[in-house]
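Down below is the structure, laid out as structure tokens.
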Amino acid sequence: MAEHPAYPVGLRLTGRRVVVLGGGQVAQRRLPALIAAGADILLVSPEVTPSVQAMADAGEITWRRRPYEEGDLTDAWYALIATGDVDANTRASAEAERRRVWCVRSDDADEATAWTPATGHSEGVTVAVLTTDARGRDPRHTAAIRDAVVEGLRDGTLVAPHHRTRTPGVALVGGGPGDPDLITVRGRRLLAEADVVIADRLGPRDLLAELPPHVEVIDAAKIPYGRFMAQEAINNALIEHAKQGKSVVRLKGGDPYVFGRGMEELQALAEVGIPCTVVPGISSSISVPSAVGIPVTHRGVAHEFTVVSGHVAPDDERSLVDWPSLARLTGTLVILMGVDKIGRIAETLVAHGKPADTPVALVQEGTTAAQRRVDATLATVAETVRTEDVKPPAVIVIGEVVKVGPLVTAPSE
């Protein structure tokens, strides 16, 4: 008999009986989606994996601790047959045929009445792949197609137009430490859908080149009114474009709430009733040290790490940092925006008890092609910054973790 392609359909299983035979790895992989679909799940198996046991213990499924028996598929709408007993699978498949229950068989797709597609999800869309040729039952082939489509939807390289009215608003997107591959999936998708992008100097600049020509890009570092009024000008630009009904992305370096003034921008938007979505980003405080082989915590070395802004010196009356307390900590100290103040910071830490030979690493342009690492101690760091010409942006790591890992000077591929 000639082979016909499978007919794709989405099953609405909420409250409907689904029978799963077998409690091994196949069931472990398939059960979460069935649970998420709201199915009334009966699992029949003498033994199950620990993860399946946890689902049963949590009441997400009903487990009958025995082998398959004739009649187990009574009142079922859908069945997954995945035991290690070929004879039991055959008998269960025959029962499914008699009872007109759509049935998937993990051991013999040719004897099944249904196939499980390779599925993936992206922002309310489910992608399900079944190929129609001889490779239709090759899970690696269908999974590869699924992955390509889902990745394209998530990173914005595959953008389907929205035939619906979009709600205007602003997304504060943390772009990560600089490497464009380190922005979150959600952040990249919102960037691909934006009408206007207001970008920080420290955001992942390479991503701007991928934007369509119609997208307006505003360089936040060059907004009028001068340095003092820069933040107010950014707030005004966000409000102005959002009020025009545009989708606005505020692309920031690192995370919006880690020394990023994200809350100031959100508050300004909230005051005029503009909706705002905050998308967290990977903070340079942990990602940049990691990029050069420094763990901010390591078993037996550091039980805590503290992130501090170094944009004002310890003796500046504007400083909110308790430097004497930091000097007494035994963990890792990560300083952002502190290159030009590191000399006074080091002196203060030593004056309050931090050993002068405490290791220090300065990581300039972390995670980018220009990344470099310079090592020193608290006693030598000020002179090292001068002689090595270390420039911002740079992340400064202070503590014994600096000596833990292998020396890495270039971003990993």
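Could you check the range 29-46 and list, in sequence order, the residues that are exposed (fewer than 14 other Cβ atoms within 10 Å of the Cβ), among the small types (Gly, Ala, Ser) and outside any helix (DSSP H, G or I)?
The answer is 38, and nothing else.
Could we say that residue 290 is crowded, with 17+ Cβ neighbours inside 10 Å, out of contact with any Asp or Glu (no Cβ under 8 Å at 6 or more places or on another chain), touching a residue at least 12 places away in the same chain (Cβ under 8 Å) and among the small types (Gly, Ala, Ser) here? Can you show your working first?
Details: crowded, with 17+ Cβ neighbours inside 10 Å: yes; out of contact with any Asp or Glu (no Cβ under 8 Å at 6 or more places or on another chain): yes; touching a residue at least 12 places away in the same chain (Cβ under 8 Å): no; among the small types (Gly, Ala, Ser): yes.
Spelling it out, it is not the case that residue 290 is crowded, with 17+ Cβ neighbours inside 10 Å, out of contact with any Asp or Glu (no Cβ under 8 Å at 6 or more places or on another chain), touching a residue at least 12 places away in the same chain (Cβ under 8 Å) and among the small types (Gly, Ala, Ser).
Between 49, 14, 83, 90, which is surrounded by fewer than 12 Cβ atoms within 10 Å (Cβ to Cβ) and of a type in the set (S, T, N, Q)? Walk me through it before giving the result.
Working: 49 fails: surrounded by fewer than 12 Cβ atoms within 10 Å (Cβ to Cβ); 83 fails: surrounded by fewer than 12 Cβ atoms within 10 Å (Cβ to Cβ); 90 fails: surrounded by fewer than 12 Cβ atoms within 10 Å (Cβ to Cβ).
Being surrounded by fewer than 12 Cβ atoms within 10 Å (Cβ to Cβ) and of a type in the set (S, T, N, Q) holds for just one of 49, 14, 83, 90, which is 14.
Is it the case that some residue within the range 191-200 is under 19 Å from the mean Cα position of the chain (by Cα), part of a helix (DSSP H, G or I) and under 18 Å from residue 280 (Cα atoms)? Before the answer, list the steps.
At the first step, the residues of the range 191-200 found to be under 19 Å from the mean Cα position of the chain (by Cα) are 191-193.
This time we only want the ones that are part of a helix (DSSP H, G or I), so: 191-192.
Those left that are additionally under 18 Å from residue 280 (Cα atoms): 191-192.
Yes, some residue in the range 191-200 is under 19 Å from the mean Cα position of the chain (by Cα), part of a helix (DSSP H, G or I) and under 18 Å from residue 280 (Cα atoms).
Which residues, counting only those in the range 306-339, are touching a Phe, Trp or Tyr at 6+ places or on another chain (Cβ under 6 Å) and under 14 Å from residue 378 (Cβ atoms)?
Within the range 306-339, 314, 332 qualify.
Do you know which residues across the range 55-77 are among the hydrophobic types (A, V, I, L, M, F, W, C), free of Cβ contacts under 8 Å to residues at least 60 places away in the same chain, over 18 Å from residue 88 (Cβ atoms) and surrounded by 12 or more Cβ atoms within 10 Å (Cβ to Cβ)?
Initial filter on the range 55-77 (among the hydrophobic types (A, V, I, L, M, F, W, C)): 55-56, 58, 61, 63, 73, 76-77.
If we keep only those that are free of Cβ contacts under 8 Å to residues at least 60 places away in the same chain as well, we get 55-56, 58, 61, 63, 73, 76.
Remaining after also requiring over 18 Å from residue 88 (Cβ atoms): 55-56, 58, 61.
Passing the criteria: 55, 56, 61.
Which number in (1) modelled with pLDDT under 95; (2) surrounded by 14 or more Cβ atoms within 10 Å (Cβ to Cβ) marks the one condition that residue 20 misses?
Condition not satisfied by residue 20: (1).
Here is a yes/no grid of residues against (1) over 17 Å from residue 193 (Cβ atoms); (2) of a type in the set (Val, Ile, Thr); (3) modelled with pLDDT under 75:
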position	(1), (2), (3)
124	no, no, yes
139	yes, no, yes
142	yes, yes, no
154	no, no, yes
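Restricting attention to the range 261-285, which residues are among the aliphatic types (A, V, I, L, M) and either touching a residue at least 24 places away in the same chain (Cβ under 8 Å) or surrounded by 21 or more Cβ atoms within 10 Å (Cβ to Cβ) (or both)? Even if it seems obvious, please write down each step before you answer.
First pass over the range 261-285, keeping only residues among the aliphatic types (A, V, I, L, M): 263, 266, 268-270, 272, 274, 278-279, 282.
Passing the criteria: 266, 268, 269, 272, 274, 278, 279, 282.
The values are calculated or read from the model by the stated rules, or taken from the named source; none is laboratory data. What you are looking at is a predicted structure, and each value in this text was computed from that prediction instead of being measured. Because the Cβ atoms are built from the backbone with ideal geometry, glycine has one as well, and the counts that use them run over all protein chains shown.
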